[in-house]
Amino acid sequence: MTDLRTHAEEIQEQFSDQLDIDVDDVVERLETLVEDYQVPLNEARRSVVSNYLDEAGMERDQLGGGGGGNEHVQVAEVDEPEQWIDVTAKVTELWEPRSDSVGQVGLLGDESGTIKFTKWAKSDLAELEEGKVYDLGNVVTDEYEGRYSVKLNSTTTIEERDEDLEVGNDDVTVEGALVDIQSGSGLIKRCPEEDCTRVLQNGRCSEHGEGEGEFDLRIKGVLDDGDEVTEVIFDQDATEELTGITLDEAKEMAMDALDTEVVADEMSEGILGYYYRVTGPTFGRYVLVNDQERLTDPVDGEAALIRARSI
Amino acid sequence: MSGAPTREVARRVFADEFNDASYTFKESDDERAPVYVLLPTGERANRIFVVGTLTETEDVGEDSEYWQGRVVDPNGDTFFMYAGQYQPDAASMLRELEPPAYVSVVGKPRTYETDEGEVNVSLRPESISKVDEATRDRWVVETAERTTERIQRYEDDETNEYAEMAREEYELPVENYRRTVVGALESLEEEQRGANEVSAPE
């Protein structure tokens, strides 16, 4: 359980000014909670920290700068799940939670870019306000399909800062021919379980098993300019704009054919092999398309001709 | 870093150069390692992207369907492609398309040796789709640019291992491919001028 040891070392670090804690002792306490009592790790950590707080006669908010011992990182630097970190970020967007278990969900931004955050309802934290900047201590990173997020949990400290923050734009623009439309494109079904958006494979969610699923549209494509390839994802809106086929039309097509595959086939006609310029944020190795344009302007070969003649 | 293998770039190459790319190699001993053809301008290619005029389709199979397609670039040089039962989408496109038509093709280079000992280069399509003239024109300019860049790297960059390999494997002056580029761009220019004259008001 190296994982527990890491947490134990962090806890020891948190109390390093007040208590002389033996890491093995912390590991043992965490182990008892996690393994014998099946307590989730963050709860176990909270419980152990509480014990030491009592021993030291401290209040939770006396713990150094929210979590202490964590690395303070820029949101665009997050590239690994299950890391306990501190961030200073502005709430740039708040979304409608899809589930009762989620207290708040939205986007956090700092100079480096933006990242999704989820705050659990049960963690009983202060309400975050859109447009405000916070020091968030002890949030944990997560990853889904190459896309990183942070989770606020019951050990997270929230401190509002009295200042504004310039949120960086991490959008990229990519141009190239659409050379492939990958499997999992077209009319797909997503898991209907609360707070799960996984795509069903053969009617199964990898987390929740068999399910009815909710229809959605998506294109996972590859743009290639002859030098570099970029994988791009068009969500429902972007797919409708790209293909001119709406979700309702796609469902109708699939119903007529008794097969959802026909939708991807139909969609690829008229887009595969054409050139596009797309702009959007990157998630892992994907670019999520916010803006798109098919490149149809007549091209001028003059400059290329001059160059080829000159060498 | 994600553990997923990187997808191979689709190179841009005119048919004249592609058909000369008879030397193939692997970068590792692994049985499943990708096979590359060596472009004579000094680049490896495991996939290419072509947009041109489909001029002819023919089922050349004996027992089962095996479609041959001919796609011509602005120089009048031909890309040959073959699709059978293992390329069902591409095969059915070749079956259904009515030449002449502008098509885009993504495919893997394949070589085979004839009884006379000549090496023929062809394309095994992953996908074929109908496109418009503007897309074809864009491809011609893009392919001209990429080829010019390769020629410049071939001549200027002494650390270019594929240029080194091309010098060893081929006795083909890259000047040929510079002329191919110029030829393709000139015929594109002529076409565009021709189209403008036709549509220009009296």
### Message
With the requirement that a residue be away from chain B (no Cβ under 13 Å) and over 26 Å from the mean Cα position of the chain (by Cα), what does region A:263-278 give you?
### Response
A:Val263
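So which residues in region A:158-184 are of a type in the set (A, V, I, L, M, F, W, C) and under 12 Å from A:Ala89 (Cβ atoms), if there are any at all?
Once the filter is applied, which keeps residues that are of a type in the set (A, V, I, L, M, F, W, C) and under 12 Å from A:Ala89 (Cβ atoms), region A:158-184 yields A:Ile158, A:Leu165, A:Val167.
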### Query
What tally of residues in region A:238-261 results from selecting those that are surrounded by fewer than 20 Cβ atoms within 10 Å (Cβ to Cβ) and closer than 14 Å to A:Gln182 by Cα?
1
## Note on the structure
Given the conditions (1) exposed (fewer than 14 other Cβ atoms within 10 Å of the Cβ); (2) closer than 21 Å to A:Pro281 by Cα; (3) within 14 Å of chain B (Cβ to nearest Cβ); (4) of a type in the set (Ser, Thr, Tyr), every one holds for A:Thr230 apart from (1)
### Condition check for A:Leu187: of a type outside the set (S, T, N, Q), more than 14 Å from chain B (Cβ to nearest Cβ), within 21 Å of A:Glu145 (Cβ to Cβ) and surrounded by fewer than 20 Cβ atoms within 10 Å (Cβ to Cβ)
no
## Note on the structure
Counting only strands (runs of 3 or more DSSP E) entirely within region A:81-175, those with at least 2 residues that are within 17 Å of the chain's Cα centre (by Cα), surrounded by 18 or more Cβ atoms within 10 Å (Cβ to Cβ) and of a type in the set (A, V, I, L, M, F, W, C) are A:84-95, A:102-110, A:113-120, A:133-144, A:147-152
### Task
Using the structure shown, decide if B:Glu65 is in contact with a helix residue (DSSP H, G or I) (Cβ under 9 Å, 6 or more places away or on another chain), surrounded by 14 or more Cβ atoms within 10 Å (Cβ to Cβ) and at pLDDT below 95.
yes
### Query
So which of A:Ile245, A:Ile181, A:Ile219 ends up being away from chain B (no Cβ under 14 Å) and within 29 Å of A:Pro81 (Cα to Cα)?
A:Ile219
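The values are calculated or read from the model by the stated rules, or taken from the named source; none is laboratory data. Values in this document were obtained by computation on a predicted structure and should not be read as measured data. Backbone-built Cβ (ideal geometry, glycine too); neighbour counts: all protein chains shown.
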